[in-house]
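Enquirer: Pasting a structure here, questions to come.
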Amino acid sequence: MKLKKLNISEVKFDKGSVVDPAGIVFHYDNKIFRAIRAEYAELYKLVIESSFFDGLVEQGLIETKISDYSLEGFDLILEHKKINVISKWTEWSPSMIKDSVLMMIRLNIILAQNGLILKDSQPGNIQFVNGKAIWIDFGSIDKLDNNFFPITHFRAHNILPLWLMSINKKELAKQIYSEVGIKYIKKLSNRRFFKYFPWFYYKFSKGLTKD
């Protein structure tokens, strides 16, 4: 397949994607692309061409295909399905947050079964399309032997706010997730007390739950 060359001056890079070591998201022709660096190009080709890729998309991974474009400095260009309506975490209902957490878990199960993992777990990488939670950060897919599931971040970003909402502390949950509070709650989540929340999980892990 002959690739169509894009000039860097023709594309608009996404400011929120500049720290991703795998690549960078850009906009062109009213479409969404991800330019992939050399060290991740072969991995992502294998993922997209794999027998389990459709299962990832079914569970919530953003629909993605290999593009017929090329861009100087990158070895692969992916095209993502464009999401027209963008929402923020603070706009989601508790049931939406629950759906997003379950989606991340299901994606990681499939990935782990195939030697891969999501190295990120931030809700900012999730959008909703027709009521379905979609993981948009394709660049967070990596080899399992290079990474581990970020359980501390997952607890801080997802489980704690969801738990607080379940006990009618919705405003506190939103405050914790705010830009001001998230660094603070990450520190708290590493402390001994927060390793035991929710309390029923601690009891279950110790085999102390009662019928």
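Enquirer: All but one of (1) without any contact (Cβ under 8 Å) to a residue 24 or more places away in the chain; (2) more than 17 Å from the chain's Cα centre (by Cα) hold for Asp14, so report the exception by its number.
Expert: So the condition that Asp14 fails would be (2).
Enquirer: Right, something else. Given the structure, is Ser166 small (Gly, Ala, Ser), modelled with pLDDT under 60 and out of contact with any Ser or Thr (no Cβ under 7 Å at 6 or more places or on another chain)?
Expert: Criteria not met by Ser166.
Enquirer: Look at Leu107 and say whether it is of a type in the set (A, V, I, L, M), crowded, with 16+ Cβ neighbours inside 10 Å and under 30 Å from Glu171 (Cβ atoms).
Expert: yes
Enquirer: Right, another one. Consider Lys4 against the criteria (1) among the basic types (Lys, Arg); (2) at pLDDT 95 or above; (3) more than 17 Å from the chain's Cα centre (by Cα): it satisfies all of them except one. Which criterion is unmet?
Expert: Only one criterion in (1) among the basic types (Lys, Arg); (2) at pLDDT 95 or above; (3) more than 17 Å from the chain's Cα centre (by Cα) is unmet by Lys4, namely (2).
Enquirer: Quick check, is Glu58 over 24 Å from Ala133 (Cα atoms), open to solvent by 60 Å² or more (accessible area, probe 1.4 Å) and at pLDDT 95 or above?
Expert: No, not satisfied.
Enquirer: Do we have any residue at all in the range 85-108 that's among the acidic types (Asp, Glu) and touching a Gly at 6+ places or on another chain (Cβ under 9 Å)?
Expert: Applying the first criterion (among the acidic types (Asp, Glu)) to the range 85-108 yields 91, 99.
Restricting the remaining residues to those that are touching a Gly at 6+ places or on another chain (Cβ under 9 Å) gives 99.
Taking every residue of the range 85-108 in turn, at least one turns out to be among the acidic types (Asp, Glu) and touching a Gly at 6+ places or on another chain (Cβ under 9 Å).
Enquirer: Please indicate, with yes or no, whether at least one residue in the range 161-174 is open to solvent by less than 50 Å² (accessible area, probe 1.4 Å), within 17 Å of the chain's Cα centre (by Cα) and small (Gly, Ala, Ser).
Expert: The answer is no; no qualifying residue exists.
Enquirer: Could you list, in sequence order, all residues of the range 82-118 that are over 12 Å from the mean Cα position of the chain (by Cα), closer than 24 Å to Ser166 by Cα and of a type in the set (S, T, N, Q)?
Expert: Hits for the range 82-118 are Ser87, Thr90, Ser93, Ser95.
Enquirer: Now for a separate question. State whether one or more residues within the range 61-68 are modelled with pLDDT of 95 or more, among the β-branched types (Val, Ile, Thr) and open to solvent by 20 Å² or more (accessible area, probe 1.4 Å).
Expert: yes
Enquirer: Looking only at the range 119-152, filter to residues that are of a type in the set (Val, Ile, Thr) and either surrounded by fewer than 18 Cβ atoms within 10 Å (Cβ to Cβ) or assigned to a loop (DSSP other than H, G, I, E, B) (or both); which one of those is nearest to the chain's Cα centre (by Cα)?
Expert: Residues of the range 119-152 of a type in the set (Val, Ile, Thr): 126, 129, 134, 136, 141, 151-152.
Next, only the ones that are either surrounded by fewer than 18 Cβ atoms within 10 Å (Cβ to Cβ) or assigned to a loop (DSSP other than H, G, I, E, B) (or both) stay: 129, 136, 151-152.
On the way: Val129: 15, Ile136: 6, Ile151: 13, Thr152: 15 Å.
That would be Ile136.
Enquirer: So which residues in the range 4-51 are touching a His at 6+ places or on another chain (Cβ under 9 Å) and surrounded by fewer than 16 Cβ atoms within 10 Å (Cβ to Cβ)?
Expert: Lys12, Phe13, Asp14, Lys31
The values are calculated or read from the model by the stated rules, or taken from the named source; none is laboratory data. These figures come from a predicted structure and were not determined experimentally. Here Cβ is always computed from backbone atoms with ideal geometry, including for glycine, and neighbour counts include all displayed protein chains. When the accessible area is computed, the model is the full protein with side chains, heavy atoms only, and any ligands, DNA or RNA have been set aside. Shrake-Rupley method; radii C 1.70, N 1.55, O 1.52, S 1.80 Å.
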